[in-house]
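Here the structure comes first, spelled out in C-alpha cells, and everything after it is commentary.
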Amino acid sequence: MMFKLCPKSYLTSTMTDRFDCYYCRDNLHGKKYVKKDEKHVCTKCFDKLCANTCAECRRPIGADSKELHHKNRYWHEDCFRCAKCYKPLASEPFSARDDGKIMCGKCGSREDGNRCQGCYKVVMPGAQNVEYKNKVWHEECFTCFECKQPIRTQSFLTKGDDIYCAPCHDKKFAKKCFHCKQPITSGGISYQDQPWHSECFVCSTCRKPLAQTRFTSHENHVYCVDCYKTDVAKKCHGCKNPITGFGHGTNVVNYEGYSWHEYCFNCKKCSLSLANKRFVISGDHIYCPDCAKKL
C-alpha cells in the first residue's frame, strides 16, 4: 500500500503579554514557544522533554526541525528515506513494510515481487517466468536438474523437488527394455519379471508381435506358436507331430533321446497307455510286457 506525506513544522510565535513555559516557568514574552498537548513550552524544554525520537537516527526531533510521522513513528525530514536506495521520501509515495522499513515505490515493488526459486532474485512484473505449484522461476532459471537446460515449452516431470525434462527423466528413472536396453516411456509389457517394449517382444523367427497372443520360450528366445511348432518343437516319436506343450499335448514322455505325447505313449498292439508303467521297446514301437511276450 502506498502513502504520501508532507513535512510538518510545529507552530511557534511570540507573545506580547506575560506567558510562562509550562515546565521551566520562564517568561515566553518575545520568545518562540511550542504548543504541545495544550501546553505552552519553550523550545529548550520542548527539545529536552517533549520532542519525539526519530525512528531512523534515534535522535530527538527538535522544535526547529521538520517532522514526519506515520503510524505512531516519527522521522526527521532528512531521515525519511528509502531503506534500499536511500531516496528522500518526504514528498514522495512510499510503502511501509511489516518489518518497519520504508521503501520507495520502485524498491517496494521489487521487494514485494515473487522471488525466483532458481536464482532467488525478484521476478519483476512482466518478466518471462514459469509458475508451478505456487512457486515462480525466471524462464531461464526453470532448468532440468540433470542437463541444466531451460525447460521453456517442453514437457517436464518431477522427482521429489527436482524437475527433469522428459528425455532426462526417462534416461534416469524409466525402466529399460530387456531386449534393446532403451527406456520404456509408455506402455510396455512384462515377461519373467523383465520389462519389454511391446514392439520388441516379437517372435524370434518371424518377428510377429507377441503381445496379447499365445507364445512360448526356448533357450531365452520367444516364439509364436506356429514358428515353435515348425522350427523348435521336438517331434513325437509316435504320431510324428510337434510336441508343443499346448492344449492336449501338455504332458510329455522322454526315453533315450525320443519323446512322445503322453496320449501317444501306448502299446502298439493293445493300445494300453504305458505312461508311468513298464514297457518294452522294439524297433520304432513300444509294447506292454504282455504283448511283448507274444511277439
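LYS121 passes every criterion in (1) of a type outside the set (Asp, Glu); (2) over 30 Å from CYS107 (Cβ atoms); (3) open to solvent by 100 Å² or more (accessible area, probe 1.4 Å); (4) modelled with pLDDT under 85 apart from (2). With a requirement of 1 or more residues that are open to solvent by 30 Å² or more (accessible area, probe 1.4 Å) and modelled with pLDDT under 85, the strands (runs of 3 or more DSSP E) lying completely within region 147-205 that satisfy it span 189-191, 194-196.
Those strands (runs of 3 or more DSSP E) of region 27-74 in which 2 or more residues are modelled with pLDDT of 85 or more and outside the structural domain of LYS101 (by the TED database) occupy 33-36, 39-42. For region 58-70, a residue qualifies if it is open to solvent by less than 70 Å² (accessible area, probe 1.4 Å) and closer than 18 Å to ALA83 by Cβ, and the qualifying residues are LEU68, HIS70. Evaluating LYS106 against the criteria (1) at pLDDT below 90; (2) open to solvent by 60 Å² or more (accessible area, probe 1.4 Å); (3) assigned to a strand (DSSP E or B) leaves one unmet condition, (3). Among the criteria (1) free of Cβ contacts under 8 Å to residues at least 60 places away in the same chain; (2) closer than 23 Å to MET124 by Cα; (3) of a type outside the set (D, E, K, R), the one CYS54 does not fulfil is (2).
Scanning region 252-283 for residues that are out of contact with any helix residue (DSSP H, G or I) (no Cβ under 7 Å at 6 or more places or on another chain), open to solvent by 80 Å² or more (accessible area, probe 1.4 Å) and within 12 Å of CYS236 (Cβ to Cβ) yields ASN254, TYR258. I want to confirm something. Restricting to region 226-241 and keeping residues that are out of contact with any Cys (no Cβ under 7 Å at 6 or more places or on another chain) and buried (at least 20 other Cβ atoms within 10 Å of the Cβ), which single residue is nearest to GLU262 (Cα to Cα)? Out of the qualifying residues, it is HIS237. Looking across region 128-180, the residues that are aromatic (Phe, Trp, Tyr) and within 24 Å of CYS200 (Cβ to Cβ) come down to PHE173, PHE178.
The single residue among THR185, THR205 that is within 34 Å of the chain's Cα centre (by Cα) and farther than 28 Å from GLU256 by Cα turns out to be THR185.
Considered as a group, the residues in region 124-146 that are of a type in the set (S, T, N, Q) and in a loop (DSSP other than H, G, I, E, B) include one that is least open to solvent (accessible area, probe 1.4 Å), and that residue is GLN128. Every listed requirement among (1) open to solvent by 30 Å² or more (accessible area, probe 1.4 Å); (2) farther than 29 Å from ASP26 by Cα is met by ALA55 save one, (1).
Every condition in (1) open to solvent by less than 40 Å² (accessible area, probe 1.4 Å); (2) in contact with a Lys or Arg (Cβ under 9 Å, 6 or more places away or on another chain); (3) under 30 Å from LYS44 (Cβ atoms); (4) not hydroxyl-bearing (Ser, Thr, Tyr) is met by PRO88 except one, and the failing one is (1). Is there a residue being farther than 20 Å from SER217 by Cα, part of a helix (DSSP H, G or I) and modelled with pLDDT of 80 or more anywhere in region 238-247? No, region 238-247 contains no residue that is farther than 20 Å from SER217 by Cα, part of a helix (DSSP H, G or I) and modelled with pLDDT of 80 or more.
The values are calculated or read from the model by the stated rules, or taken from the named source; none is laboratory data. Note that the structure is a prediction, hence the values are computed from the model and not measured. Because the Cβ atoms are built from the backbone with ideal geometry, glycine has one as well, and the counts that use them run over all protein chains shown. Please note that ligands, DNA and RNA were not included when accessible areas were found on the heavy atoms of the full protein model with its side chains. Shrake-Rupley method; radii C 1.70, N 1.55, O 1.52, S 1.80 Å.
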